[in-house]
Amino acid sequence: MPPRLSFAAVVVAAGSGVRAGGAPKQLRKVAGEPLVRWSVRALAAAGADPVIVVRRPEDEAALLEALQGLPVVFADGGARRCDSVRAGLAAAPAGADAVLVHDAARPFVGAQVVGRLLEALETADGAIPALPVADTLKRGDAAGRVVATEPRDGLWRAQTPQAFRREALRRAYAALPASEEPTDDAAVLERAGLRVVLVPGDPLLAKITYPEDFDMAERLAGAARIVRVGSGFDAHRFTEGDHVTLCGVRIPHDQGLLGHSDADAGLHAITDALLGAVALGDIGDHFPPTDPRWKDADSAVFLRHALSLVQARGGRVLNVDVTLICERPKVKPHREAMRARVAELLGLPLDRVSVKATTTEEMGFTGRREGIAAQAMASVETPA
Ligand code: MG
């Protein structure tokens, strides 16, 4: 397979959204988050670099708040959609192979659609996601009377993001007369005689146009995110010392734990569970034990890093459950302090963090009191 094309995304959010009523619709919330945030986050997570948000200057402060923490650059929108796209395209870096143009009113962009578009660009100037027309098409007159039934063969409903070779899109827009106002970007390439292909669209890419569409968006928001589960396991050997650190809590003991960092098997297992949930390797990949920076490190650093990787993918941690396995020290008196510390590190309510303890009935290495083991599970919600 050839290496994937590098791409920038242009998110058009310069409309006032009057048809949807009230505030600009790109700022209205869906499932607790501004509409525009959904697609910007999904495009960034799919590899768009940068994501260019085309907006009205008066909306910038509100958009900065709505898009907090996401890697975006802004461009000034124009009076018409095509003017806004031109402005966004001008802000796309020359090094980008492709540009994806997207309407902020379609919040639920899946990584699979982006993958299909980029693959299609290997052999085309443009690619658009589209769904076949399934409903019977009627032509009506001004009085609302049916005057004809139209054939629907070969008809498709075009969605966004639409993907283009950057240079092809630039040339096509340069050739577009200022008086023409296409309703999508593929039409600009079609007019220039360039090759645009259809790839399978996604019902989740439905456009939010009218106030009642927000109810549908609330329902779709559930399907646009998935729950992932990860597991982690860790063990550290006892050595000389006067305390152990487990789940971020220092416990006086007649031995210590051997490790490059603070040897907190509990936090290490939770860190691996988070990394596992988003399939980003393990703690050793991110914090090699050969790196002197992590000598005697507080393992909270590792856990916070794993959390930041989850968040960078648009995810959030739902809950964690860790089991500490040892004969000594007794874990129970420290359990609540451990839960509180892990909850604090992950920004979770206390009832989303469980710390359990068990022995192995004096069997195996934990039973022989050679060390302490921990296993953890974490569930994480991310864009689908
Ligand atoms: Mg470890």
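The values are calculated or read from the model by the stated rules, or taken from the named source; none is laboratory data. Because the structure is a prediction, the values reported are computed rather than measured. Cβ placement follows ideal geometry from the backbone for every residue including glycine, while neighbour counts extend to all protein chains displayed.
Applying the criterion of being within 33 Å of the chain's Cα centre (by Cα) and hydrophobic (A, V, I, L, M, F, W, C) to the residues of the stretch 249-268, the residue that is farthest from the ligand (Cβ to nearest atom) is Val249. Within the stretch 269-283, residues that are within 15 Å of the ligand (Cβ to nearest atom) have Cβ atoms under 6 Å from residues that are part of a helix (DSSP H, G or I) and of a type in the set (Phe, Trp, Tyr) in these pairs: Thr271/Phe302; Ile283/Phe302, counting only partners at least 6 apart in sequence or on another chain. Only a single criterion out of (1) within 19 Å of Val197 (Cβ to Cβ); (2) of a type outside the set (S, T, N, Q); (3) surrounded by 13 or more Cβ atoms within 10 Å (Cβ to Cβ) is not satisfied by Val85, namely (1).
Scanning the stretch 192-205 for residues that are crowded, with 19+ Cβ neighbours inside 10 Å and part of a helix (DSSP H, G or I) yields one hit, Leu205.
For Arg165, are the conditions met, namely being surrounded by 15 or more Cβ atoms within 10 Å (Cβ to Cβ), over 20 Å from Arg116 (Cβ atoms) and in contact with a strand residue (DSSP E or B) (Cβ under 9 Å, 6 or more places away or on another chain)?
no
I need the full set of residues from the stretch 166-183 which are outside any helix (DSSP H, G or I) and more than 32 Å from the chain's Cα centre (by Cα), in order please.
Ala175, Leu176, Pro177, Ala178, Ser179, Glu180, Glu181
Any idea which of (1) within 14 Å of the ligand (Cβ to nearest atom); (2) surrounded by 23 or more Cβ atoms within 10 Å (Cβ to Cβ) is the one Val342 doesn't satisfy? Just one mismatch for Val342, condition (1). Selection over the stretch 206-238 of residues that are over 30 Å from Ala337 (Cα atoms) and either surrounded by fewer than 19 Cβ atoms within 10 Å (Cβ to Cβ) or out of contact with any Gly (no Cβ under 8 Å at 6 or more places or on another chain) (or both) gives a count of 20.
Among the residues making up the stretch 323-348, those that are out of contact with any strand residue (DSSP E or B) (no Cβ under 6 Å at 6 or more places or on another chain) and of a type outside the set (D, E, K, R) are Pro333, Ala340, Leu345, Gly347, Leu348. Within the stretch 46-95, being part of a helix (DSSP H, G or I) and hydrophobic (A, V, I, L, M, F, W, C) holds for Ala61, Ala62, Leu63, Leu64, Ala66, Cys82, Val85, Ala87, Leu89, Ala90, Ala91.
Reported count of residues in the stretch 107-148, each being crowded, with 17+ Cβ neighbours inside 10 Å and assigned to a loop (DSSP other than H, G, I, E, B), is 7. Scanning the stretch 74-93 for residues that are farther than 23 Å from Arg116 by Cα and aliphatic (A, V, I, L, M) gives Ala75, Ala79, Ala87, Ala90, Ala91. For the stretch 277-308, a residue qualifies if it is hydroxyl-bearing (Ser, Thr, Tyr) and farther than 13 Å from Val342 by Cα, and the qualifying residues are Thr290, Ser308.
Entry remark, the stretch 194-238: residues being within 16 Å of the ligand (Cβ to nearest atom) and charged (D, E, K, R) number 2 in total.
Scan the stretch 149-165 for residues that are closer than 21 Å to Arg80 by Cβ and part of a loop (DSSP other than H, G, I, E, B) and report the count. Of the residues in that region, 3 qualify.
Residues in the stretch 192-239 that are basic (Lys, Arg) and at pLDDT below 95 were compared, and the one that is nearest to Asp125 (Cα to Cα) is Lys207. Taking the stretch 239-248 as the range and being within 16 Å of the ligand (Cβ to nearest atom) and either surrounded by 20 or more Cβ atoms within 10 Å (Cβ to Cβ) or among the acidic types (Asp, Glu) (or both) as the test, the residues that pass are Val244, Thr245, Leu246, Cys247, Gly248.
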